[in-house]
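Colleague: My questions will all concern the structure given below.
The values are calculated or read from the model by the stated rules, or taken from the named source; none is laboratory data. Here the structure is a predicted model, which is why all the values come from computation and not from measurement. Don't worry about glycine lacking a Cβ; one is built from the backbone with ideal geometry, like all the others, and counts go over all protein chains shown. Accessible surface areas use protein heavy atoms only, side chains included; no ligands, DNA or RNA. Shrake-Rupley method; radii C 1.70, N 1.55, O 1.52, S 1.80 Å.
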Amino acid sequence: MSTAASAGFSLMANLPALQVVVPMVAAPICTFLRFRNGPWAFALLVSAATFWISANLLMQVLGGDVISYEMGGWAPPFGIEYRVDTINAFVLLIVSGISLIALPYALRSVEREVPRDKHHLFYAGWLLCLCGMLGITITGDAFNIFVFLEISSLSTYMLLASGRDPRALTAAFQYLVLGTLGATFILIGVGLLYIMTGTLNIADLAERLGPVSDTTSVRAAAAFLTVGIALKFALFPAHFWLPNGYAYSPSAVGVFLSATATKVSIYVLLRFQFTVFGEIPAFADLDFATLLLPFAVVAFLVGSTVAIFQTDLKRLLAWSSIAQIGYMVAGIGLGGVDGLTAGIVHLFNHAITKAALFMAAGAFFLRVGSMHIDRLAGIGKTMPFTTLAFVLSGLSLIGVPTTVGFISKWYLILAALQHGTAGYAIAAMVLASSLLAVMYVWRIVEVAYFRDPAANQEITEAPLSMLLPLWALTIGCFYFGLETGYSVDIARAAAQSLLGVTP
Amino acid sequence: MMEWLGQFNYYVFAILMTAGVYIAMSRGNLVKKVVGLNIFQASVFLLYISSGKIWGGTAPILGDGLTQPISNPLPHVLILTAIVVGIATTSIGLALIVRIKEAYGTVEEDEIAEAEALYEEELMRAEEA
Amino acid sequence: MSIETHIQLALLIPIIGLVGIVLTGRIPNLREAVTLVTATANAINVWSIFPAIQAGARPSVTLFELLPGLTINFTVEPLGMMFAAIASTLWIVNSIYSIGYMRGNKETSQTRFYACFALSISAAIGIAFAGNLLTLFIFYEILTLSTYPLVTHKGTEDAKRGGRTYLGILIATSIGLQLPAIIWTWNLTGTLDFVPGGTLTGKVQGLSAGLLLALYMYGVGKAALMPIHKWLPAAMVAPTPVSALLHAVAVVKAGVFTVIKIIVYVFGLELITTESATNWLIYAAAITLTLASLIAMNQDNLKRRLAYSTVSQLSYVILGAALGTAMGVVGGGMHIAMHAAGKITLFFCAGAIYVALHKTEISDMKGIGRIMPVTMFCFMIGALSVIGIPPLGGSWSKFLLMVGAADAGFQFIIGVLILSSLLNVAYLMPIPLRGFMLRPPGAGDGPVKVQEAPLACLIAICITAALTVVLFFMAQEIFDFLLPITMTGGGQ
């Protein structure tokens, strides 16, 4: 570090910029690495670096500090500010952590599912997607959010379509249309806010909105932003691209995106809803997150119900993701410290749970060559470790106590119970949806353990490079369900800072 | 009357935006969808750029004797970025369409759905065999 | 070793046994040895906690704190101690029997069978020692899941259908009713701990109290309060040692144990006796125990008849708890032990008949006492104990329940209990009577050839039959041991 310091460049002081710049610069370099496993090793290295950076950033802000980094030395509100507080440091850690743990897994999955001459492009897309998501999260500038959103979206379309299954292409295209609509809605919202206030800096926006808040333009901006963001995170009924997208893209993409993409969009919703519009009295009676509540409830009921009837394992998981997004939005919509804690902690909890499940599904796919549930008969005997991990993570999806899923649902139900009769109804529906989750997880258990494998199949256990990340996440599902100190405390602190409540 | 004229840019924006979204949602042809998206995005570009315009304003070039009011350059810069994003979206969209055409032999949404159903049936038959 | 270590070991030993069973799965003799050694070690360990509890200690272990106030905690009190002791002791007997039965029947997947058995014992002990509702709920669900492979052991369509009913009803009621009740309790009191005297006193009254009690009672599907009893006959597709596990060792006992635990430590006896909105449970239990006896009379399949008999006997326990008097609760608690010994004997005999003669229908069992004299004799002892005839265990608990009913002012319950006992006689006694009095069809006039079950089965049957007699003379000790749970201080 001494040479860097002597050149007037301090690594630690520039961490916020490096968080985004490292993967951004790495992506084009990756396209030049065309030798075997080169792109993969490079992406893994870069991912490890970004993870290290976000871990460091989280350490720095955990005490309650806020890092404000001036991009290019231009002071906000004129320059672009990168702003790290508890909540986005938490999201940064989730995103870079999932990327780091998904990449070792990706090696075998990509080898099988992506044509060999496209590997360098695939990993470049991965890094760009990572860069975009980190950028969305870290930036304190509203327009910058749009730009990074598009970087991550464009690379997502590419990743979704990078496999061999043609059904992924149409899903990617559907997402392209919806995602562009959503992003452009966000752009309109940001534009209207800029017209009304003359600033793009989020912290500055929050202050300047006060005098003009009771205008149609600002209401329209809030509406455009909310709808645009909801389109991005596939809230019911804008979900239809998601099942095919996750199901027919390469397994590693499903792992990475299911655990990160929607989470980042939810973070953007939180940011606008609470940091920008949170302080405005005119919005007290017209809270857009609350308006999303009915959609969220329908999302988790419909998502869980449809999941039961799927015959394709990855589609089943994707439908369950739609339901889980509903839980997160429901938590945010219910509001209050408990509600927000439920929403935020579920970002993390669902990330590790669903990543583990998609990993197990991908391992099945690698060995069985099909995702049809009937083809998985007796898989518990032929791939015991993968199946056990799947079942254990499935328990977390249901929300069994001692898993992370329980923690989320507990807070969600507590938050719901504070809302009188309607709240009781929502709590009842959360429980009903959990019951549906029992049914779809149980279907797999029954097929895996209580049916005999087809005689002519030669199936062996998944490779170690898949098992290790899978089990790391599975153990995480239980570890963080028992030792909730880390996740819940951070989520609670984040919720309090968003609401401006002193702990 | 003057007020209407003063908000002329917003009306154009609204009309283009609605038209663009309508095309993107309603057309069955994927290429037309992409065109609709382009119109939609262009409308937003207009919204930004026109908001930076001031009657009688000049280009914001710093130098001596700048006495006139100047137009706000920031929206222009932002839209430059957005245009780039728009082009990228269009190109990825078209690239996807090419691959969809290769896979299913059509770019019409309903025909793709049929081809996809056929593909799934074939898969099922292969599974059983 | 401290008592806390013993508590943790009680949960751990069956798990270690499970690993050992899986590892030695290829060598049946070694595997069965592992089962027996584990079961014995487990029983010794559980019983070693007993003296301290008897002396009034209430050792407590907290493993995790999930959220503030929400812990995975184990606290041993007399009722749980008794349940754990029953489960761990009967596991030994049941293992001996299983070896005879499974080998005699040449069943497949025996490793899975023994492994799941060990897991369900661990779950039962977890339930017994649970210090709060959350811990109890977790182990309750583990018990449900770990017994499912046992119920569907045969793997036939029938078994799967029965298994699905079993699992569906138990999971649906626990998540759909019990969990909301737990959350409601948390919302009312801010704690889920089991506290002597209850936590809900003064927090809930009137209709809400009745409703909350209903959520709990029907949410604990394992207690088989009608109409949530269908899973029990459905689970009769299982091999007989499993039925014994379900009926005597773990599952239904866990259900009624949970019922007593909730009534004593969450509602509190004071609330139950003073709040008239909770009286519906007395009627529900009385109706269940009468109706189930009537249905049992019409069953020709021996195991189904015993299943309905269990439904009826479980409601004795629920009735005792619902009465809310000291005698009622202790009588209910004691009935867990008494019924366990009696019913396990009956099921063992039913299984022995199946292994030896492959007979399942009662109408086919004429003269069976002459073919299998030992089995039928033990069957009669078990039946008499379930009916409640001295000098057998079942008589004491029924007597206490009657006293409890009188204390609570529900005299008609005494009538219900007497009627039910008569019904018990009517559906249980004909089996051994016809077995001994009639001659087996087609046997001619000469001496009947004795054809008994495997030796391991017989040993197990004799042990449990003897146990019903021993329990009769131990009644005073059990009574003194359980009485503290009815005191508000918990008798510490």
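Colleague: Along each of its three principal axes, how wide is the spread of alpha-carbon positions in segment C:303-439, in whole angstrom units, largest first?
Modeller: Over segment C:303-439, Cα extents along the principal axes are 49, 25, 21 Å.
Colleague: Tabulate in residue order the Karplus-calculated ³J(HN,Hα) for segment B:29-36, using 6.51 cos²θ - 1.76 cosθ + 1.60 with θ = phi - 60°, rounded to whole Hz; enter x for Gly and Pro.
Modeller: Once rounded to whole Hz, the list reads 7, 5, 4, 5, 4, 4, 4, x.
Colleague: Given Cβ point charges of +1 (Lys, Arg) and -1 (Asp, Glu) and nothing else, what value in debye, to the nearest 20, does the dipole of chain B about its Cα centre take?
Modeller: Dipole magnitude for chain B comes out near 960 debye.
Colleague: With a ≥ b ≥ c the root eigenvalues of the C-alpha gyration tensor of the protein assembly as shown, is it rounded (a/c under 1.5), prolate (a/b larger than b/c) or oblate?
Modeller: Here the protein assembly as shown falls in the prolate category.
Colleague: Moving to a separate point now. What longest region of chain C stays clear of trypsin sites (Lys or Arg not before Pro) that DSSP places outside H, G, I, E and B and that have at most 10 other Cβ atoms within 10 Å?
Modeller: The reported range is C:107-448.
Colleague: Provide C:347, A:78 ordered by accessible surface of protein heavy atoms (probe 1.4 Å), highest first.
Modeller: Sorted descending by solvent-accessible area, the residues read A:78, C:347.
Colleague: Rolling a 1.4 angstrom probe over the protein heavy atoms, how many square angstrom per residue are accessible across segment A:330-375?
Modeller: 13 Å²
Colleague: Sticking with this one: Cut-off 20 Å, label point 7 angstrom out along Cα-to-Cβ of residue B:77: give me the residues of segment A:66-84 whose amide nitrogen falls inside.
Modeller: Residues A:69-83 qualify, since their backbone N sits under 20 Å from the label point.
Colleague: Ordered by packing density, taken as the mean number of other Cβ atoms within 10 Å over each peptide's residues, highest first, how do A:228-239, C:38-49 rank?
Modeller: A:228-239, C:38-49
Colleague: For chain A, what is one quarter of the convex hull surface built on the Cα atoms, given in nm²?
Modeller: Seen from a random direction, the Cα hull of chain A projects 22.5 nm² on average.
Colleague: Now for a different question. Which residues' amide hydrogens lie under 5 Å from the amide hydrogen of residue C:301, considering only partners 5 or more residues apart or on another chain, with H built in the peptide plane?
Modeller: C:362
Colleague: Then there's this: Check each of the chymotrypsin sites (Phe, Trp or Tyr not before Pro) in segment B:20-93 and keep only those in coil by DSSP with at most 12 other C-beta atoms within 10 angstrom; list them in order.
Modeller: B:55
Colleague: How many nm is it between the label spots at residue B:119 and residue C:52, if each spot is 7 Å from the Cα in line with the beta carbon?
Modeller: 6.5 nm
Colleague: Still on this model: Report the label-to-label distance for residue C:23 and residue C:211 in nanometres (one decimal), using points 7 Å from each Cα along the Cα→Cβ vector.
Modeller: 5.3 nm
Colleague: What ranking do A:23-35, C:118-130 get when scored by the average of other Cβ atoms within 10 Å per residue, highest first?
Modeller: By packing density, highest mean first, the sequence is C:118-130, A:23-35.
Colleague: Can you sort C:146, B:91 by solvent-accessible area, 1.4 Å probe, largest first?
Modeller: Listed by decreasing accessible area, they come as B:91, C:146.
Colleague: Residue by residue through segment A:180-194, which ³J(HN,Hα) values in whole Hz follow from phi under the Karplus form 6.51 cos²θ - 1.76 cosθ + 1.60 (θ = phi - 60°), with glycine and proline marked x?
Modeller: Working through the residues one at a time gives 5, 4, x, 5, 6, 4, 4, 4, 4, x, 4, x, 4, 5, 5 Hz.
Colleague: Round to the nearest 0.05 the FRET efficiency obtained for residue A:78 and residue A:291 when R0 = 25 Å and r is the Cβ-Cβ distance.
Modeller: Step by step, r from the Cβ atoms, then E = 0.15.
Colleague: Quote the FRET efficiency, to the nearest 0.05, computed for residue C:106 versus residue C:361 with a Förster distance R0 of 22 Å and r equal to the Cβ-Cβ distance.
Modeller: Between residue C:106 and residue C:361 the formula returns 0.50.
Colleague: Residue by residue through segment C:31-44, which ³J(HN,Hα) values in whole Hz follow from phi under the Karplus form 6.51 cos²θ - 1.76 cosθ + 1.60 (θ = phi - 60°), with glycine and proline marked x?
Modeller: 4, 5, 5, 4, 4, 5, 4, 4, 4, 5, 4, 5, 5, 4
Colleague: Can you compute the label reach from residue B:7? Point 7 Å from Cα along the Cβ direction, backbone N cut-off under 13 Å, restricted to segment A:160-195.
Modeller: No residue qualifies, since no backbone N sits under 13 Å from the label point.
Colleague: Related question: What does the helix-only formula give at 222 nm for the protein assembly as shown: each DSSP H stretch with n ≥ 4 adding -39500 (n - 2.57), the total divided by the residues, and the result rounded to the nearest 500 deg cm²/dmol?
Modeller: Using -39500 (n - 2.57) per qualifying helix, the result is -24500 deg cm²/dmol.
Colleague: Okay, next question. What accessible area, summed over both chains, is buried at the A-B interface (1.4 Å probe, Å², nearest 100)?
Modeller: Buried surface at the A/B interface: approximately 3300 Å².
Colleague: Could you order A:430, A:337 so the one with the most accessible surface comes first? Probe is 1.4 Å.
Modeller: A:337, A:430
Colleague: What FRET efficiency do you get for residue C:12 and residue B:58 if R0 is 60 Å and r is their Cβ-Cβ distance, rounded to the nearest 0.05?
Modeller: With a Förster radius of 60 Å, E is 0.15.
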